[in-house]
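What follows is a short report on a single structure.
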Amino acid sequence: MDQVRFQDGVTVPALGHGSWRMGEGGDRRAEADALRLGLDLGLKLIDTAEMYGEGGAEEVVGDAIAGRREEVFLVSKVYPHNASAKKLPLALAASLKRLRVERLDLYLLHWRGGVPLAETVQAMEAALARGQIARWGVSNLDVDDLEELGPALADCATDQVLWNLEARGVEYDLLPFCAARAMPVMAYSPIGQGGALLRHKALRVVAERHGVAPAQVALAFVLARPGVIAIPKASDPAHLRANVAARDLRLTEQDLAEIDAAFPPPKRKRPLEMI
């Protein structure tokens, strides 16, 4: 599997496993089983957040990785209103308790809120010094937000953003900005939401040409970009195995030309999209 390198030299697989909407009243055992199957299939990065199921997803992840912590690159995210000097340590401690671990591999600011970025960075650095996190980063921040980090940008491990064929605005400036600084980007919802993308005729045509599902084409498009980690969520074993198979799909120039015609890449700056 292709690997993506963080600025400190640590590498992770380009395909990870998301947990959005886990722990929200569904079958938690099946969700944990899916995460464990993902580990078996090489999806070593698991992404979660205190927001997901108000901690429920972290509990599911904790169940899934019990006894397998050393196999996992574990990511969680803090609410903006908890990202202050006083509240972040409490939120982090609660996440660690739900996950039943002593340290996160990566801790992200989920999106920008009212707490100054400088204060959040200070709180992240303090958690780093305490050994509770191995590195920190951000999510849903645009280029101007990243630039506001100033010298701390050099210590920001990643920016997790919405990127798929329906939301390509980040390709104009954010992806090149991060690539120039050797900062990996994490792409959430890489196959879109609600299924409209996967019903698009152009995507179906490319999929039929390769004998795969449209979702695999959408995922392969994201995985083809160097320095990008895709984190689709999958609870169904068949869906999960299809995601894994997308790692081996190589889109041709004809495929990419047809995709660009159907989903035009940005020609100018767009507001950062998020869900």
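Computed quantities for the displayed model
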quantity	calculated
Residue match in segment 23-40 (condition: within 28 Å of Cys178 (Cα to Cα) and exposed (fewer than 14 other Cβ atoms within 10 Å of the Cβ))	no
When residues of segment 111-153 are limited to those that are touching a helix residue (DSSP H, G or I) at 6+ places or on another chain (Cβ under 8 Å) and polar (S, T, N, Q), the one surrounded by the most Cβ atoms within 10 Å (Cβ to Cβ)	Thr120
Unique match (being without any contact (Cβ under 8 Å) to a residue 24 or more places away in the chain and over 18 Å from Ile275 (Cβ atoms)) among Pro176, Pro226, Pro184	Pro176
Count of residues meeting criterion [closer than 26 Å to Pro265 by Cβ and either part of a loop (DSSP other than H, G, I, E, B) or of a type in the set (Lys, Arg) (or both)] in segment 147-167	3
Segment 19-45, residues that are within 18 Å of Ala238 (Cα to Cα), touching a Gly at 6+ places or on another chain (Cβ under 8 Å) and aliphatic (A, V, I, L, M)	Met22, Leu43
Residue check, Asp63 crowded, with 24+ Cβ neighbours inside 10 Å and either among the hydroxyl-bearing types (Ser, Thr, Tyr) or on the phi < 0 side of the Ramachandran plot (or both)	no
Of all residues making up segment 72-85, the number that are of a type in the set (S, T, N, Q) and either touching a strand residue (DSSP E or B) at 6+ places or on another chain (Cβ under 9 Å) or crowded, with 21+ Cβ neighbours inside 10 Å (or both)	2
Residue match in segment 94-109 (condition: at positive phi and among the basic types (Lys, Arg))	yes
Which listed residue, of Leu197, Leu219, Leu223, is closer than 16 Å to Leu256 by Cα and at pLDDT below 95	Leu197
Some residue of segment 128-136 being closer than 18 Å to Ile231 by Cα, within 13 Å of the chain's Cα centre (by Cα) and not in a helix (DSSP H, G or I)	no
Selected residue [under 17 Å from Pro13 (Cβ atoms) and surrounded by 20 or more Cβ atoms within 10 Å (Cβ to Cβ)] from Leu88, Leu43, Leu108, Leu104	Leu43
Residue match in segment 214-226 (condition: among the aromatic types (Phe, Trp, Tyr), surrounded by fewer than 22 Cβ atoms within 10 Å (Cβ to Cβ) and touching a helix residue (DSSP H, G or I) at 6+ places or on another chain (Cβ under 9 Å))	no
Near pairs, Cβ below 6 angstrom, 6+ apart or cross-chain, from segment 34-48 (at positive phi) to any residue that is at pLDDT below 95 and not acidic (Asp, Glu)	Gly42/Met1
Elements of type helices (runs of 4 or more DSSP H) in segment 174-275, at least 1 residues being closer than 25 Å to Val72 by Cα	174-180, 214-223, 237-245
Conditions (1) in contact with a helix residue (DSSP H, G or I) (Cβ under 7 Å, 6 or more places away or on another chain); (2) over 26 Å from Ala14 (Cα atoms): number failed by Lys97	(1)
Residue within segment 158-166 that is closer than 15 Å to Ile231 by Cα, modelled with pLDDT of 95 or more, surrounded by fewer than 22 Cβ atoms within 10 Å (Cβ to Cβ) and in contact with a Leu (Cβ under 9 Å, 6 or more places away or on another chain) present	yes
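Yes/no per residue for (1) among the aliphatic types (A, V, I, L, M); (2) assigned to a strand (DSSP E or B); (3) in contact with a strand residue (DSSP E or B) (Cβ under 8 Å, 6 or more places away or on another chain):
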residue: Leu43; (1), (2), (3): yes, no, yes
residue: Ile46; (1), (2), (3): yes, yes, yes
residue: Asp63; (1), (2), (3): no, no, no
residue: Glu70; (1), (2), (3): no, no, no
residue: Leu92; (1), (2), (3): yes, no, yes
residue: Arg98; (1), (2), (3): no, no, no
residue: Asp145; (1), (2), (3): no, no, yes
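The values are calculated or read from the model by the stated rules, or taken from the named source; none is laboratory data. Quick caveat: nothing in here was measured; it's all calculated off a predicted structure. Glycine gets a Cβ as well: all are built from the backbone with ideal geometry, and neighbour counts include every protein chain shown.
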